[in-house]
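J.: I am attaching a structure below and will ask some questions about it afterwards.
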Amino acid sequence: LQEEMGGISEGEYRAKVLRRSSGDAFWKTRYKGDCREVFFLTTMSRTPEFIGAMRETAKSHGIDPAEVGVYLQMVIQGTACHCEFDLFTSPEKAASIRTFHDELSRKVYALGGFYSRPYGIWSDLVYPDSEVFVKYARGLKKIFDPHTVLNPGKLCFKEM
């Protein structure tokens, strides 16, 4: 246990983040005002490799890797791991870290990270490599939306 981490005292963290009421902003935006996430599935044994890639990418973008939150949660009875990187930032700086987010997303995918909810850049990475998934997702869409009322011409919010 530590009384301070990243220059933030335990008391300051409690005051700024933990003690806010549920009516306040989403907990990830409370600290600095915005948060960009890269989350995916892997195995716990591979997380050091992904964390290393995150640190390397952060440094190459002038970001202190200690400022990037790392969250790991075992899933499926410990057979897999939800791995998440959170970059807490101000709303003014959010757009400027998009290149970091996108580069890290590409590295994670290249290393074998599994985007179970592909949207944004993740869908650009996943769908070209997932012909069978796309085929069956289109089939399901025809079953549940036979008149193409919901997002016509789109599959999971992506033009297809």
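J.: Along Cα→Cβ, 7 Å out, is where each label goes; now give me the distance between the ones at residue 96 and residue 79 in nm to one decimal.
T.: 4.5 nm
J.: I'd like to check one number: the per residue accessible area of the chain, probe 1.4 Å, reported in Å² as a whole number.
T.: On the way: 10480 Å² over 160 residues.
Per residue, the chain has 66 Å² of solvent-accessible surface.
J.: Using the Karplus curve 6.51 cos²θ - 1.76 cosθ + 1.60 with θ = phi - 60°, what ³J(HN,Hα) values do you get for each residue of region 53-64, in whole Hz, with x for Gly and Pro?
T.: 5, 4, 4, 4, 5, 4, 4, 5, 9, x, 9, 5
J.: Further, regarding this structure: Treating the angle as unsigned and between 0 and 90°, give the value, to the nearest 10°, between the Cα long axis of helix 98-110 and the longest Cα principal axis of the chain.
T.: Roughly 60 degrees between the two axes.
J.: Please give, to one decimal in nm, the separation of the simple spin-label points placed at residue 2 and residue 28, each 7 Å out from Cα toward the Cβ.
T.: Result: 2.2 nm between the two label points.
J.: Right, another one. Once the whole set of protein chains is in place, how much accessible area is left on residue 138, using a 1.4 Å probe, in Å² to the nearest 10?
T.: Accessible area, nearest 10 Å²: 110 Å².
J.: What residues qualify as long-range amide H neighbours of residue 116, i.e. H under 5 Å apart, gap of 5 or more or another chain, H built at 1.01 Å from N?
T.: 41
J.: Next question, about the same structure. Distance in nm between label sites at residue 111 and residue 142, each 7 Å beyond Cα in the beta-carbon direction?
T.: Distance between label points: 4.0 nm.
J.: Kindly rank 34-40, 106-112 from highest to lowest mean number of other beta carbons found within 10 Å of each residue.
T.: Details: 34-40: 19.0, 106-112: 16.1.
Put in order of decreasing packing, that is 34-40, 106-112.
J.: Let me ask another. Using alpha carbon coordinates only, what is the Rg to Rh ratio of the chain, with Rh defined as the Kirkwood radius?
T.: The Rg/Rh ratio comes out at 1.03.
J.: Turning to a different aspect of this structure: Got a number for carbon plus sulfur as a percent of region 31-160's accessible area, 1.4 Å probe?
T.: Reported share for carbon and sulfur atoms: 59 percent.
The values are calculated or read from the model by the stated rules, or taken from the named source; none is laboratory data. From a predicted model like this one, the values you see are computed outputs, not experimental measurements. Cβ: placed from backbone, ideal geometry, glycine included. Neighbour counts: every protein chain shown. Protein only, heavy atoms only, side chains kept; ligands, DNA and RNA dropped before computing areas. Shrake-Rupley method; radii C 1.70, N 1.55, O 1.52, S 1.80 Å.
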